[in-house]
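K.L.:
Next up is a structure, given as structure tokens.
Since every read-out is calculated from the coordinates, none of them should be taken as a lab result. Every value quoted in this text rests on a predicted model; they were computed, and no experiment measured them. Here the Cβ positions follow ideal geometry from the backbone for every residue, glycine too, while neighbour counts run over all protein chains shown.
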Amino acid sequence: MWKKIFGKAPLPKNEAALLDIERSRLPRHVAVIMDGNGRWAKGQGFLRTVGHRAGVDTLHDILDTAIDLKLEVLTVYAFSTENWKRPHEEVDFLMRLFSEYLDKEEREMHEKNVRIRFIGRVDELTPELIQRVRHAESLMKDNTGVNFCVAVNYGGQDEICRTAQELARKVQEGALSPEEITPESFETALDTKELPPVDLVIRTSGDMRLSNFLLWQTAYAEFWFTETNWPDFKPACFLEAIRDYAGRERRFGGIKGK
Ligand code: FPP
């Protein structure tokens with residue numbers, strides 16, 4: 001229904017082909033801050049919740065594009081540890097929306113070989129949502145296509161603290177020495193263990209900040225910002241960001257050509 005009203009369409013198959021970028025220049029891991037649902041809704045004279053619903057449609061199309069491009073990981077910021085400060089009606093709405101989204105879309109994602117994972121303090125969500133999340137993760141656990149990582153009740157500082165606590169406990173138990181805590185071992189205890197570092201962060205809606213998203217994983221990420229609000233962020237915008245990324249030179253602290 002939303003597609004009909006707002007005229008959104010999935011990426012035409014040949015548009016992905018048009019991208020024509022050497023595979024090795026594509027990002028392995030794209031992380032998206034889906035911002036501007038509220039502003040988009042306000043601009044159209046709608047309630048903020050209408051913006052979040054329209055945001056779900058955008059997410060559907062962007063995941064499809066990631067599938068077309070055979071990206072390794074798409075991570076999206078759905079709800080931060082700070083978002084609890086929003087009016088409780090909006091928080092309740094978002095929790096119901098996430099549940100509905102899984103109900104509606106998990107079968108299709110599974111058929112498209114997507115592997116969904118959730119990061120953040122998932123255990124503090126509503127019992128209904130926890131059950132939905134665990135069901136979706138278990139349904140898709142053996143899939144080998146795009147890793148679709150959804151950050152819910154997620155904060156980068158919180159993730160780093162939880163990881164440090166886990167490693168500290170191991171040190172206390174004698175299972176680990178302090179010297180064994182290295183960037184490499186730390187990474188294996190983060191929520192994103194098994195996933196490669198973020199190559200490209202996309203943030204919609206004009207703000208240029210990270211907002212506590214994937215602080216560790218974005219150490220060497222490239223950034224792409226757009227004024228476009230998330231509900232208006234079309235597959236073509238996503239492709240524009242990827243194309244821009246593919247043209248960049250990444251040095252990881254080194255020197256060009258060395
Ligand atoms: C930011 O816009 C958006 C959110 C906090 C919620 C993100 C949720 C969706 C895009 C819905 C789809 C997600 C899933 C996982 C089904 P905002 O409300 O901060 O907008 P504003 O900055 O204009 O107020």
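K.L.:
In whole Å, what are the Cα extents of region 99-173 along the three principal axes, biggest one first?
P.N.:
Ordered largest first, region 99-173 gives principal extents of 44, 27, 20 Å.
K.L.:
If each DSSP helix of 4+ residues adds -39,500 (n - 2.57) and the sum is divided by the residues in the chain, what number results at 222 nm, nearest 500 deg cm²/dmol?
P.N.:
Mean residue ellipticity at 222 nm (helix-derived): -14000 deg cm²/dmol.
K.L.:
Sticking with this structure for a sec: What is the Cα convex hull volume of region 59-190 when expressed per residue in Å³?
P.N.:
Hull volume normalised by residue count: 130 Å³.
K.L.:
Can you run the Rg to Rh ratio on region 151-214? Use alpha carbon positions and the Kirkwood inverse-distance Rh. Write out the running numbers ahead of the final one.
P.N.:
Details: Rg = 14.4 Å, Rh = 13.5 Å.
The Rg/Rh ratio comes out at 1.07.
K.L.:
Would you compute, for the Cα atoms of region 39-124, the largest minus smallest coordinate along each principal axis and list the three values in descending order, in whole Å?
P.N.:
Here the spans come out as 36, 33, 20 Å, largest first.
K.L.:
Still on this structure, please answer the following. Would you mind ranking Phe186, Phe79, Phe118 by Cβ crowding within 10 Å, fewest neighbours first? It would help to have the intermediate numbers written out before the result.
P.N.:
Working: Phe186 15, Phe79 20, Phe118 25.
The order, fewest Cβ neighbours first, is Phe186, Phe79, Phe118.
K.L.:
Another one. Which pairs, out of Lys104/Lys193; Lys104/Lys170; Lys70/Lys104; Lys42/Lys234, put more than 30 Å between their alpha-carbon atoms?
P.N.:
Long pairs (Cα-Cα over 30 Å): Lys104/Lys170.
K.L.:
While we're looking at this one, here's another question. Compute from the Cα atoms of region 153-258 the Rg and the Dmax, the latter being the longest Cα-Cα distance, and quote both in angstrom.
P.N.:
17.4, 52
K.L.:
Provide Tyr77, Tyr245, Tyr220 in ascending order of the number of other Cβ atoms located within 10 Å of each residue's Cβ, fewest first.
P.N.:
Tyr220, Tyr245, Tyr77
K.L.:
A follow-up question, please. Could you tell me which residue out of Gly174, Met140, Leu200 lies farthest along the dipole of region 95-202 toward its positive end? Charges go on the beta carbon: Lys and Arg +1, Asp and Glu -1, centred on the Cα centre.
P.N.:
Met140
K.L.:
To continue, here is another question. Report the convex hull volume per residue for the chain, counting only C-alpha atoms, in Å³.
P.N.:
146 Å³
K.L.:
Give me Cys149, Cys161 ranked fewest to most by other Cβ atoms within 10 Å of their Cβ, as a rough exposure proxy.
P.N.:
Taking fewest neighbouring Cβ atoms as first place, the list is Cys161, Cys149.
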